[in-house]
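Engineer: Dropping a structure here in structure tokens format, bear with me for questions.
The values are calculated or read from the model by the stated rules, or taken from the named source; none is laboratory data. Since the structure is predicted, the reported quantities are computational estimates derived from the model, not experimental observations. Heads up, the Cβs are rebuilt from the backbone with ideal geometry, glycines too, and the neighbour counts pull from every protein chain shown. Ligands, DNA and RNA are excluded from the accessible area calculation, which covers all protein heavy atoms including side chains. Shrake-Rupley method; radii C 1.70, N 1.55, O 1.52, S 1.80 Å.
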Amino acid sequence: MQIDILTLFPQMFEGPLTTGIFKRAVNRELVQLNTHNIRDWTHDKHHTVDDYPYGGGAGMVLKPEPIFQAVEALKPGGLQQQGADIMPIILLTPQGRLFSQQIAFELSQYSRLVLICGHYEGVDERVIEYLATDEISIGDYVLSGGELPAMVVADAVVRLIPGVLGSEASAVDDSYATDLLEYPQYTRPPEYRGWAVPEVLLSGNHGEVARWRREQAVLRTLRRRPELLNKASLSSEEKYLLSKLKTLTE
Ligand code: ADE
């Protein structure tokens, strides 16, 4: 997969993109990550990327021309998109659809992604209407730019690409991948400051361990994110247990 990130602050990506999961994915040649400075696509003396909003108001708005040109340079054949060539052009913005594991999975199926990091008060609406094919928000809070959201999206997507993670199983077991939160994890020592690891995990009984983990995941989800249980696939035994627990706590 090739990910192109358009930003006013490419230096923000230097550490994150050359460490951990990204480093591994790039080294294994599973992912190619490029950052592009939107400012490089300005043609005036001051390299202007923003301007006052028409109609007045506070703040500045990112101009359309450098963003259009930066994206067009990534697809010299033109931006009309077809078949296997489809390359989502995603604007990171608090106005976008709320990012989720499901969207990460969707995006991991493409061979190319373009992420545009917005800044200032906003981006000229023509970028949204005629260039971006998708708008994504990472949550209902306002950050000072789309750089951190772009890293969040890229991280969540890249770790789903086969071969990127150490073991294929670790992405499958993740919270949200199964619609349940993850069960508690322990490692050595078996007792730390008097706090013991649950006995069942030391038992070597794989069936018992799997049952305990599943039960813990369901209980934790019930306590912390009960709304997730509505779409989780539960066994009839689990459903019965949950209905009993719910009546007990009501
Ligand atoms: N830019 C600023 N805040 C953002 C958010 N919450 N999600 C995506 N892009 C943003």
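Engineer: Note down the nm distance, to one decimal, between modelled labels 7 Å out along Cα→Cβ at Thr18 and at Glu72.
Structural biologist: Here the answer is 3.3 nm between the modelled labels.
Engineer: Determine the share of the chain's accessible area contributed by carbon and sulfur atoms, expressed in whole percent, with a 1.4 angstrom probe.
Structural biologist: Using a 1.4 Å probe with all protein chains present, the chain comes out at 52 percent carbon and sulfur.
Engineer: Accessible area, 1.4 Å probe, largest first: how do Phe99, Phe105 sort?
Structural biologist: Phe105, Phe99
Engineer: Tell me, what HN-Hα J-couplings in whole Hz come from the Karplus equation 6.51 cos²θ - 1.76 cosθ + 1.60 at θ = phi - 60° for each residue of the range 27-39, using x for Gly and Pro?
Structural biologist: Rounded to whole hertz, the list is 4, 7, 6, 8, 9, 10, 10, 10, 10, 10, 7, 4, 4.
Engineer: Let me ask something else about it. Which three extents, in angstrom, do the Cα atoms of the range 175-249 have along their principal axes, listed largest first?
Structural biologist: 37, 27, 25
Engineer: Volume per residue, Å³, of the convex hull around the alpha-carbon atoms of the chain?
Structural biologist: 208 Å³
Engineer: OK, next. Okay, helix-only estimate at 222 nm for the chain: each DSSP H run of n ≥ 4 adds -39500 (n - 2.57), divide by all residues, round to 500 deg cm²/dmol; what do you get?
Structural biologist: Mean residue ellipticity, 222 nm, calculated: -10500 deg cm²/dmol.
Engineer: Any idea what the dipole of the chain comes to, in debye rounded to 20, about its Cα centre with Lys/Arg Cβ at +1 and Asp/Glu Cβ at -1?
Structural biologist: Value, rounded to 20: 920 debye.
Engineer: Please list the non-local residues whose amide H lies under 5 Å from the amide H of Gly118, H modeled 1.01 Å from N, same-chain partners needing a gap of 5 or more.
Structural biologist: Leu92, Gly146
Engineer: Just to confirm, what accessible area per residue do you get for the chain at 1.4 Å probe, in whole Å²?
Structural biologist: 60 Å²
Engineer: Calculate, for Ala210 and Gln82, the FRET efficiency according to 1/(1 + (r/R0)^6) with r their C-beta to C-beta distance and R0 51 Å; round to the nearest 0.05.
Structural biologist: 0.65
Engineer: Still on this structure, please answer the following. Applying 1/(1 + (r/R0)^6) with R0 = 41 Å to the Cβ-Cβ distance of Glu106 and Asp51, what FRET efficiency is obtained, to the nearest 0.05?
Structural biologist: 0.75
Engineer: To continue, here is another question. I'd like the accessible area for Lys63: 1.4 Å probe, protein heavy atoms, all chains in place, Å² to the nearest 10.
Structural biologist: Only protein atoms counted, so the area is about 50 Å².
Engineer: Take each of the peptides 15-28, 144-157, 47-60, average the number of other beta-carbon atoms within 10 Å over its residues, and list them starting from the highest.
Structural biologist: Those peptides, ordered most packed to least, come out 144-157, 15-28, 47-60.
Engineer: Label-point separation (nm) for Arg39 and Glu250, each offset 7 Å from Cα along Cα-to-Cβ?
Structural biologist: About 6.1 nm, to one decimal.
Engineer: Can you work out the Karplus-derived ³J(HN,Hα) for every residue in the range 74-89? Use 6.51 cos²θ - 1.76 cosθ + 1.60 with θ = phi - 60°, whole Hz, and x for glycine or proline.
Structural biologist: The phi angles translate into 7, 9, x, x, x, 8, 4, 10, 8, x, 5, 7, 4, 10, x, 10 Hz.
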